[in-house]
Ligand code: PAF
């Protein structure tokens with residue numbers, strides 16, 4: 001596996017692969033990789049002739065009070081994981097390579113970004129779509145892989161690829177969890193041992209909400225109340241949101257029907273954690 005730092009190097013390698021008629025899978029990441037990322041890379045390797053992984057903490061998707069400076073980084077560890085998963089190329093650019101001075105073109109998103117994390121993090125999804133536009137144009141993949149853990153991001157990416165006519169198939173992959181149910185995330189490293197124990201409340205609360213729906217409950221409010229009740233049993237947890245939305249337009253719904261996303265964001269101490277489940281209800 002090769003590790004490169006410039007756009008030029010990626011383009012040259014990809015050009016050779018395209019000449020040979022090889023298909024390319026792409027896994028964009030912000031590094032500090034874990035089993036969740038590995039599952040995306042493995043999926044890409046199984047579906048494509050070549051796999052490119054990007055490792056870039058994108059500054060434009062962080063708000064001024066967010067964790068850009070302290071976001072964990074470890075390229076050496078990441079390279080090992082990417083190689084062991086069978087990828088062919090790791091792209092790790094400097095911010096100045098991706099954003100030369102006077103970068104002034106941005107990507108604006110609406111509707112799918114109105115609620116959930118989009119409402120709390122106003123610059124976030126614009127930044128995600130901006131960096132993905134650049135990465136998609138650099139890597140020119142046939143397929144790109146995203147985790148369901150960031151369910152709103154996945155919906156935003158699907159919409160943005162459709163709206164802007166990127167010829168890329170977007171593939172969503174299931175959430176990978178720790179043994180106790182906590183969704184794997186690079187941000188879990190921020191948690192103290194006590195907070196790490198408390199963080200299990202996210203998946204526990206979602207389990208309770210899902211059980212209610214499976215038992216026949218169709219009122220979003222009742223499901224939200226149940227999840228909230230469970231979250232409130234944990235003194236270290238502070239709820240940011242508990243929402244029930246349709247999984248395509250990410251709009252709140254009163255009645256649980258069709259493909260539904262139940263999503264939560266919860267502060268455990270100062271660390272903001274997200275989790276969700278998707279359920280299809282057709283009755
Ligand atoms: O999900 C992430 O890690 C990031 O938002 C992404 C898609 C790599 C864009 O920076």
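Values in this text are rule-based calculations from the coordinates and carry no lab data. From a predicted model like this one, the values you see are computed outputs, not experimental measurements. Here Cβ is always computed from backbone atoms with ideal geometry, including for glycine, and neighbour counts include all displayed protein chains.
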### Query
residue 215 versus residue 102, label points 7 Å from Cα toward the beta carbon: distance in nm?
6.4
#### Entry: FRET efficiency for residue 137 and residue 251, using Cβ-Cβ distance with R0 set to 30 Å, rounded to 0.05
0.50
### Query
By DSSP, what percent of the beta bridges with both residues in the chain are antiparallel, rounded to the nearest 5?
55
### Query
How far apart, in nm, are two points set 7 Å out from the Cα along the Cα-to-Cβ line at residue 259 and at residue 169?
1.5
### Task
Can you tell me how much longer the chain between residue 47 and residue 194 gets when fully stretched, taken as 0.36 nm per residue apart minus their C-alpha distance, in nm with one decimal?
48.9 nm
### Task
May I ask you to list the residues of region 147-170 whose amide nitrogen lies under 16 Å from a point 7 Å from Cα along the Cα→beta-carbon direction of residue 35?
148-149
### Task
Quick one: angle between helix 220-231 and the longest Cα principal axis of the chain, in degrees between 0 and 90, rounded to 10, please.
90
### Message
So for each of 191-204, 211-224 I average, over its residues, the number of other beta carbons within 10 Å; can you give me the resulting order with the highest mean first?
### Response
191-204, 211-224
### Message
Can you compute the modelled spin-label distance between residue 80 and residue 229, with each label point 7 Å from Cα toward Cβ, in nm?
### Response
4.6
### Query
Hey, how many Å between the Cα centroid of region 132-184 and the Cα centroid of region 240-272?
18
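Report the FRET efficiency, 1/(1 + (r/R0)^6), for residue 222 and residue 178, where r is their Cβ-Cβ distance and R0 is 30 Å, rounded to 0.05. Before the final figure, lay out each step's value.
Working: r = 29 Å, r/R0 = 0.96.
Approximately 0.55, to the nearest 0.05.
Please arrange 272, 120 by counting, for each residue, the other beta carbons lying within 10 Å of its beta carbon, fewest first. Can you show the working numbers first?
Values: 272 18, 120 13.
With the fewest neighbours first, 272, 120 line up as 120, 272.
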### Query
So how do 230-242, 66-78 stack up, highest first, on mean other-Cβ count within 10 Å?
230-242, 66-78
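What's the extension gain from residue 5 to residue 270 if we count 0.36 nm per residue and subtract their Cα-Cα distance? Present the calculation step by step, with values, prior to reporting the outcome.
Numbers: separation 265, 0.36 × 265 = 95.40 nm, distance 3.27 nm.
Result: 92.1 nm gained on full extension.
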### Message
I'd like the orientation of helix 201-214 relative to the chain: the angle between its Cα long axis and the longest Cα principal axis, in ° from 0 to 90, rounded to 10.
### Response
70
